[in-house]
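Asks: Take this structure first; my questions come after.
The values are calculated or read from the model by the stated rules, or taken from the named source; none is laboratory data. No experiment lies behind these values; they were computed from the predicted model shown. Because the Cβ atoms are built from the backbone with ideal geometry, glycine has one as well, and the counts that use them run over all protein chains shown. Side chains are part of the model used for accessible areas, which takes the heavy atoms of the whole protein and leaves out ligands, DNA and RNA. Shrake-Rupley method; radii C 1.70, N 1.55, O 1.52, S 1.80 Å.
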Amino acid sequence: MAGLFAVVVATSACASDRGADPSAGALAPAAAAAAAAPTAEESFGTLASPCGPGDAAGSTDQGVSDTEIRIGYGDDRGYSKSPGLNKEIGDAVSAMIDWCNAQGGINGRTIVGTHYDAAMTQANAVMQNACASEFMMVGHGFAMDQTSEQTRVACNLAAVPAFTVSPDAANGPMTYQGVPFPVDYANGSQWFQIAEMYPDLVGEFDVIDSTMPTIISASTKIRSIAEAAGFTLKNCGVTLNYEGESSYAPFAEKFKQCGVKGLWTSRSPVPAEFNFVKALDQAGIDPILLGEATWYGNAAQAWNGESGLLDNLHAGMTFQMIENADAVPAVKKYVELVTEQDGKTALLGMQATSSFLLWATAADACGSDLSRQCVIDELSRIDEWDGGGLHAVTDPGNNMPATCGLVVRLTGAEYTQAFPTEAGTFKCDDRYRVATDPSTWGTELGPDRVATKYLNPNIIRPTV
């Protein structure tokens, strides 16, 4: 299950967005230094802080009083088979709550956060507890959110999660994300950009298929995105057992005979995947490897530092690299705040930070009259969002992914930005946002693109 989480969440992290200019072919700076930019004390990157003192008063909704706003957040860190799983998400929200409260909270109300550990299998129990006391769920991420979505919708617990996994949560009612990952649209920037980097390979790529249903669905979606980017996949017919193979040599040999020069993987950097890379090397082929943002992490970095067999690894991202902290004020601020609390910094932590800031911005706009309805109304109005420069611009109000991206490359134990070559920039193109085939959605959507499975007459809808 931890592997399933890594696969799906990685794509979620990749579907983040852009700089300032969404026009085709434009380079978008991640953090424009505007002349009237807020000071460091009252900003998060290029975003003026939504936190501060005020005279808000009244018990305007569940979890809101004269002095407090209660929010829930959390992760799966207690999962016994992968201790600390997605801990960076909870660490980020905890740091952001302290940062906001140090400025006076939201209009003078102190944020009181409750950390929930879903431990992979307890997401529904967590949501039942949150339904009884929290104003909203903010910056959380539960790998098995399909088990808790019905409960959340039934109690009208609005949410601004760090990420979603299941289709019904990704397009769920009363849900907005800093980095949307809807089922019906995808950011395919990595395929378009790899085509620019290696134009001779558009007919030489293939997708590594898997026996896991989730990866089968993801691979179907990836194939359609690759085709939209101009690729003609070779379809070598290689399917790997998700639980591992006794020998990867026959599969590597089949790719060699098929003549592939590039491979896409929807898997995550786990030992079984490394064994497959070894088999490719032993078969005498060294294809370009392309994957989601899950390949931008310590596991691949450490393994390649010893083996050198992943020097052809490329990963598509819509977030800034942590290595760019000195060039991107928002990334630097994120690293500083989480490090001060001895927390874990990672890509998903930045994703949680973006969602917290999105929620705080909407809550601040509600002033004293803070209610779930008001926050949902404000969130629905936000159609350009980059978390202060953490990622490329997204459209949270309409649940739409970005039209920008970048590609990182691993060489030895070091990641560098490979495309566009200027660190701290994204390349943007409207073609990067690809409509996906309904057969891959995994749920039914209404005319408003909201999942219909758990809808009821009492859900809170935007009034604007």
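Asks: Within region 154-184, which residues are open to solvent by less than 10 Å² (accessible area, probe 1.4 Å) and in a helix (DSSP H, G or I)?
Replies: A169, A170
Asks: Further, regarding this structure: Looking at region 185-303, what helices (runs of 4 or more DSSP H) fall wholly within it and have at least 1 residues that are within 27 Å of I322 (Cα to Cα)?
Replies: Numbers: elements: 189-197, 213-228, 249-258, 271-282.
Once the helices (runs of 4 or more DSSP H) in region 185-303 are filtered for at least 1 residues that are within 27 Å of I322 (Cα to Cα), what remains is 189-197, 213-228, 271-282.
Here is a yes/no grid of residues against (1) of a type in the set (G, A, S); (2) in a helix (DSSP H, G or I); (3) without any contact (Cβ under 8 Å) to a residue 60 or more places away in the chain:
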residue	(1), (2), (3)
M350	no, yes, no
S354	yes, yes, no
L358	no, yes, no
L370	no, no, no
G397	yes, yes, no
L406	no, no, no
K427	no, no, no
I459	no, no, no
T463	no, no, no
